[in-house]
Every structure is written in structure tokens, then in C-alpha cells.
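Novice: Take this structure first; my questions come after.
The numbers here are math on the coordinates, done by the rules we state, and not lab data. Note that the coordinates shown come from a computational prediction; the quantities given were computed from them, not determined experimentally.
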């Protein structure tokens with residue numbers, strides 16, 4: 001059985017730690033490697049408001065840049081309600097609470113294996 005490559009999981013954990021550092025919440029990551037040919041991992045993060053979405057995006061980009069990873073695609077910047085960062089092996093969705101509830105990405109991917117993030121959201 002194929003699972004997300006180790007590199008993708010490592011990047012996911014770095015991104016998760018950076019998101020939590022910028023007060024992102026309700027993090028969940030799915031190994032989507034068997035369902036999708038385009039990526040291995042989806043990481044979903046909630047941010048309380050538009051400004052926080054921007055802070056989480058900046059934090060993730062900086063942390064992954066330090067690991068030599070640069071997003072090949074970035075969508076949703078203007079309204080800062082839902083930003084997608086595509087790192088090929090990893091796709092990060094940073095959503096405001098309302099968008100997260102409305103689009104409910106977890107419903108789409110709940111049959112995929114979850115990835116242990118090893119971050120502590122409680123502060």
C-alpha cells in the first residue's frame with residue numbers, strides 16, 4: 001500500500017507547527033496519495049479572521065522556505081478567506097472558520113488516512 005512520502009509528511013509537520021505558532025486551529029492532515037495523483041497530503045487549518053489567515057500563510061511559507069520548499073501555486077490571497085498553498089507533495093488549505101464549516105473538506109477526505117501532526121494546539 002502506498003502512503004504519503006516521508007518528505008511530504010515532514011513538510012506537513014513543519015507547516016502544522018508554523019500554523020499553530022501563528023494561532024491556526026483545528027488542524028487535520030490527510031494522506032490523499034491513493035486518491036489523487038497530484039499530491040500526497042492535504043493539510044487543513046482554521047484561522048479566526050482574514051488577518052489571521054494572512055499570518056498563518058506567512059508563517060507556513062517562511063517555515064517551509066527555510067526547509068527549501070517554495071509554493072508552486074498560491075490561490076485566494078485577495079480576500080484572505082481561504083488561501084491554498086500548493087507545494088506539489090503537500091497542499092495546505094488555510095480557511096476562516098465560516099469557510100471551513102461551509103466547505104467541510106473533512107467530509108470529502110474522511111475516508112483517507114489521517115497523518116499524526118505532532119503539534120500541540122493548546123496554549
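Novice: Restricting the count to DSSP beta bridges whose residues both fall in the chain, what percent are antiparallel, rounded to a multiple of 5?
Specialist: Around 65 percent antiparallel, to the nearest 5.
Novice: Provide Rg over Rh for region 6-109; use the alpha carbon set for both Rg and the Kirkwood Rh (inverse mean inverse pair distance).
Specialist: Answer for region 6-109: 0.93.
Novice: Further question on the same structure: Enter the mean projected area of the convex hull around the alpha-carbon atoms of region 59-121, in nm², rounded to one decimal.
Specialist: The directionally averaged projection comes out at 5.4 nm².
Novice: So, one more: Determine the calculated [θ] at 222 nm for the chain from helices alone, applying -39500 (n - 2.57) to every DSSP H run no shorter than 4 residues and normalising by the residue count; nearest 500 deg cm²/dmol.
Specialist: Mean residue ellipticity, 222 nm, calculated: -11000 deg cm²/dmol.
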